[in-house]
Structure formats: C-alpha cells, structure tokens
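Structure, as structure tokens:
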Amino acid sequence: MVKMNGSSFALQYKRTTNRPMDSSEKFSTLEEAEAYARNTDEEEYFPYPLQIISVESEAKLYVLINDPDISTTDNREHYKLSFLATEKDFGTRFLSKLNDDEAAGLIKFLRGLISYGLIQAKSGLEVGEVMDSLIAGMGILLKDGRIQADRMELRHSLTVQELIFNRLSAMESDYSFSEAGTIESVKLLEDGTYLLPLRKQWENDFTGMAENDVVYGSVNNLAAGGGEHRTSWLRILHVDTSANNINAFMYPDSEVPGGKNYPPEPLMILTHRGNPVNEDRQGWWYISSREKCICMLDGVTKPILEESNYSVIIGKLKQLLLFDNLPINYRHSYIYCRGIALQDIFRIDYKGQTIRTENNRGKWSATEATDTPYQSTTGIYDTVYHYGCKWMCLIAGTTEEPKYATTGWAMIEGNPEFSIDINSSNGWYFDAEKFVTTLTITGILYNQDITSHILDEDIEWTRETGNVTEDNAWSVSHADMGKSLPLTLNDLGPGYMTLTGCKFIARVLLRDGQQNYETTEFITF
C-alpha cells in the first residue's frame, strides 16, 4: 500500500493488487468479489450500496446489498453479493442505456414514460380499452376517449357523429348548395375529355351529377407555399353511376368568368351550377362571404351568368343594369326578389318606429266620405287630392273637407306658401277728381280661401308717397282698418298730382297655433 498525502480519508489508500474498486473493472474470482463486499479484511475497502460487481471467472453480474449479519462496530460498511445476471443474460434480457437496443417482449412503465426524441407507433397507438367502432368502445389516444391537440391536418376526410363548435363560428369564401363531388384522380383521354372518378363518402354513396351539367371547382396552391387559386369549368358528357365517375370536357377560356380556364385536379371539389338542356337542373344558390350576399339563380345554362339568372339577392346587391335608375347604395344591404307572396309586412325606420303605408284614394269626394269613410290607423292612412294639394287623413271616418284649420286632414304635398290678394271695389281705372274705392284683402293657403282665419289686428296698412312725415301720419290713423281699407282722393296724399304715384302696402300675419305665416302685398295708384 502507498499512502497518498492530501487525499480524503476514503481515498487515502490505494490498493496495490489487481483487484478493482469499481464496477467498471472485473474481479477475477468470486472469492475476491465477496471479500471486497464483506470489507472485513485488515485492509479496508470502500464498497457502496447497489454497486454493480462483475466476476470474470463466472461471467456474472452482482449488485451489493447490506449484510445485516456483519457487525458495524468497526465503523465500516459491509455488503453481500446479490446475483443480477450472467453475461448472456446481459445481452439478451436487459436493455442498454448507452446503445440502440430492442425488446422482444411487452414493457410496462408503471410510473409513466418521458421521451425527448421522436416516438414512432408504426402499428397504431392505443390507450385504454379500444374497440374498432364509431359508436362504441373507449376510444384512442386518451383513456376517456378524447383527443386534445392544437391543430389537426387531414389529407382526405373527417367522419364524425357530432361537431361541437365554439360559440363563434365563421365561414369564408363561397359555399355552394348543390350536388357536389371530390375528384380522386384525373385522366386525360385521347379525345381531349377528362375521366374523373369521384370519391365515395360512404359505401353506397353515388354521385348526383347528371349529363350536360355545368360544373366548376376551385383549388389553391397552399401546399406549395403559394396563395393562388385555379378554377376549372366543365360540362359533363356522361355519368357512370356504378363506377361513380364522370366524363367531362373543359369550356374554352372565352366562355368562362375571368377569361382563363384551368384543367381539373385531384382533390378538387366539383359543384353543379346549371344545365343547358334540362330546365329542372338550371337552379343553384350559394352563400359568399367574399361577395357578402346570398344568391339564388335560375335558368343557368353556361359558366358566365346573365342578369336574368339572378332571382334572389340578399345582402350587397350586384351592380346590374336593372338597378341603374334606382337610388341604390351599394355599401348597404338589400333584398331583391323576382317574385314575392306575403301575408304581413311591417315597415320601420332606422329608429325602429313603424312607418305607416299610404292608401291613395284619388280626388276627395264628400259623397265617398259618407259612403266609404276615409281611414287612418297605426298601419295605414288614406290620402286624397283637393285643390291641387295632397292631403293625409288624420281621423278615421272624418267627413270634413280637406282645408286649412281642419282636424281631420293634413296637407302633405302642394303649395305651402301663404299669400294674399288685394282687390278694388271700383276696379283699377279712376277719374283723378272722382277717386273713391275700397281695398279688400283675401288670404290664400293650400290654394284655398282662408280669409276668415285672418284676424283684423294682424293686418297692417302703410302708405308710400315719398313724403315720410305724411305717410307715417296716415299709417297711424289707419292702423285698425282690418281687411277692408276705404280710400278717397285725400288718401292719395297732398302731392299726388305732382308725384309719381301712391303705394298702399298690406302686411298680414296668419296664426295657426304651431307656426305663424307672414306675407306682404301692395298696389300702386
């Protein structure tokens, strides 16, 4: 033995024999291994629990376990050998921790399994009790039959019993509601047509396409990292229902929307759009988030649509010629329908208030007011024409004539201006030395005489002769004349014969309780 100064107590001595102190070496004989494990020789060893010991003479492996039969009063650790495996067992019964290895039997991990590399389950992965059934069994991947993942990508199809969506679901692009099919493969025939087998969604699934159907499909190149779309327009020549395939030819570029037609491709979904021969197959409808509308079309015979094909549009309208003369706001949504049959209709404004419907009954008639009373309800009101104005009935069953200051009618169209006429009792031609006449005011509103509704105190007469002092004095003295103004030669002013003339001005106010109407008229002598 050689003493190593400065070493720890456990490593203070190193044995000079060829007997190893670690499992990385081999003991030559079982006796040497047992002596090392007992650690009762005069020379102290340093075994440790669960240390692996190899015995070269026997080609066996042992593990050290505590030996309770040896006293520890000497302050040493004492162990005994526990057989682990032979060299043959080591290569066939145990898995390597360092090298690639394989196990012929089933391995059960009681506390779980953590892998930092790729796990490959080439024959499938089962968790829990599994049964190959859509409606029975515990399921796969999770013990309670659930699969949880952030994203799932499927190359072909997904078949489920129930789909449970988020409370918010959204669709994009176009959704066609018609017969459809997915192309499994494409074969270009010698005559330039295409043989297109369609995928069956279930065992007895057969295509609903028919001969002469106009079909189209659209795909993108997202798989190649792009974002371009390609649309294919076809007309079906023959349908082989038993084989579930179709024979079709492509429309030329000049006969398709956009002016470019692309060949059909595998996995492209074809949908029926119209038929140039069978009128029963010329209808089709779709929802488009891109166009922001629902469209129903009739009479479709070719890929490019005509205005007559649009039978119903709900949402943003197409810019069709039939809308050119209408005040259409193409940013708003509308409903266009070729025909409609309804029982109830309610019109409301943007505030949600009911808009009443007008029932025009033509010219007002006193006889009709008695025999067939005019009506006004919460949903409808009668209108009539009277003296060139349009009136709305306010009270159901009214027999009043439509005019100013009546409670049964309101003028809604016509001349709303208040005006007056000034008439002369002796005409407009006079002998200057024998001038005598009376001016009379007549009020007109809604093309009718409303003079009786004008108050005398709301009429103001003034005179203009050029002599301001004289004119003011005359106006004060005639302030209460009302609707009639008697005139003599003295009212024309002292300088009438030498001046250019005399003007009499009437300013009239009409009060109706809601607003005041005011107008002015004059005559000159």
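The values are calculated or read from the model by the stated rules, or taken from the named source; none is laboratory data. On a predicted model such as this, the values are computed, not experimentally measured, just so you know. Note that we place each Cβ from the backbone using ideal geometry, even for glycine, and neighbour counts take in every protein chain shown. These area figures cover heavy atoms from the full protein model, side chains too; ligands, DNA and RNA do not enter into them. Shrake-Rupley method; radii C 1.70, N 1.55, O 1.52, S 1.80 Å.
Checking the conditions here, which among Ile345, Ile335, Ile328 is open to solvent by 80 Å² or more (accessible area, probe 1.4 Å), at pLDDT 90 or above and not hydroxyl-bearing (Ser, Thr, Tyr)?
Selected residue: Ile335, the only one of Ile345, Ile335, Ile328 that is open to solvent by 80 Å² or more (accessible area, probe 1.4 Å), at pLDDT 90 or above and not hydroxyl-bearing (Ser, Thr, Tyr).
Residues being assigned to a loop (DSSP other than H, G, I, E, B) and modelled with pLDDT of 90 or more: count how many of those fall in the range 78-94.
1
Can you find a residue that is within 30 Å of Gly117 (Cβ to Cβ) and either at pLDDT below 75 or out of contact with any Pro (no Cβ under 7 Å at 6 or more places or on another chain) (or both) anywhere in the range 61-68?
Yes, the range 61-68 has at least one match.
Among (1) touching a residue at least 60 places away in the same chain (Cβ under 8 Å); (2) farther than 30 Å from Met392 by Cβ, where does Ile459 come up short?
Ile459 satisfies every listed condition except (1).
Return yes when Thr182 is farther than 14 Å from Thr271 by Cβ, open to solvent by less than 90 Å² (accessible area, probe 1.4 Å) and modelled with pLDDT of 90 or more and no when it is not.
Criteria not met by Thr182.
Can you tell me which residues in the range 421-458 are among the aromatic types (Phe, Trp, Tyr) and either open to solvent by 50 Å² or more (accessible area, probe 1.4 Å) or closer than 18 Å to Ile523 by Cα (or both)?
The answer is Trp428, Tyr429, Phe430, Phe435.
Restricting to the range 481-525, what's the tally of residues that are in a strand (DSSP E or B) and either without any contact (Cβ under 8 Å) to a residue 12 or more places away in the chain or of a type outside the set (Gly, Ala, Ser) (or both)?
Number of matching residues: 21.
Does Leu342 satisfy being hydrophobic (A, V, I, L, M, F, W, C) and within 30 Å of Asn275 (Cβ to Cβ)?
Considered against the rule, which asks whether it is hydrophobic (A, V, I, L, M, F, W, C) and within 30 Å of Asn275 (Cβ to Cβ), Leu342 comes out as no.
Which count do you get for residues in the range 357-372 that are more than 24 Å from Ile314 (Cα to Cα) and either part of a strand (DSSP E or B) or open to solvent by 70 Å² or more (accessible area, probe 1.4 Å) (or both)?
Selection size over the range 357-372: 10.
Quick test of your reading of the structure: Leu499 fulfils all but one of (1) modelled with pLDDT of 85 or more; (2) in contact with a Ser or Thr (Cβ under 7 Å, 6 or more places away or on another chain). Name the failing condition by number.
So Leu499 meets the others, but not (1).
Can you list the strands (runs of 3 or more DSSP E) found entirely within the range 373-432 that contain at least 3 residues being of a type in the set (Val, Ile, Thr) and in contact with a Pro (Cβ under 8 Å, 6 or more places away or on another chain)?
Ranges flagged: none.
Exactly one condition in (1) out of contact with any helix residue (DSSP H, G or I) (no Cβ under 9 Å at 6 or more places or on another chain); (2) of a type in the set (A, V, I, L, M, F, W, C); (3) part of a strand (DSSP E or B); (4) open to solvent by less than 50 Å² (accessible area, probe 1.4 Å) is false for Met296; which is it?
The single condition Met296 does not satisfy is (4).
From the list Gly379, Gly443, exactly one residue is among the small types (Gly, Ala, Ser), over 16 Å from Ser365 (Cα atoms) and touching a strand residue (DSSP E or B) at 6+ places or on another chain (Cβ under 6 Å). Which is it?
None of the others qualify; the one that does is Gly443.
All but one of (1) over 21 Å from Leu188 (Cα atoms); (2) of a type outside the set (A, V, I, L, M); (3) open to solvent by 10 Å² or more (accessible area, probe 1.4 Å) hold for Gly274; which doesn't?
(3)
Residue by residue through the range 459-481, note down the ones that are open to solvent by less than 20 Å² (accessible area, probe 1.4 Å) and either within 60 Å of the chain's Cα centre (by Cα) or more than 16 Å from Tyr496 (Cα to Cα) (or both).
Selection gives Ile459, Trp461.
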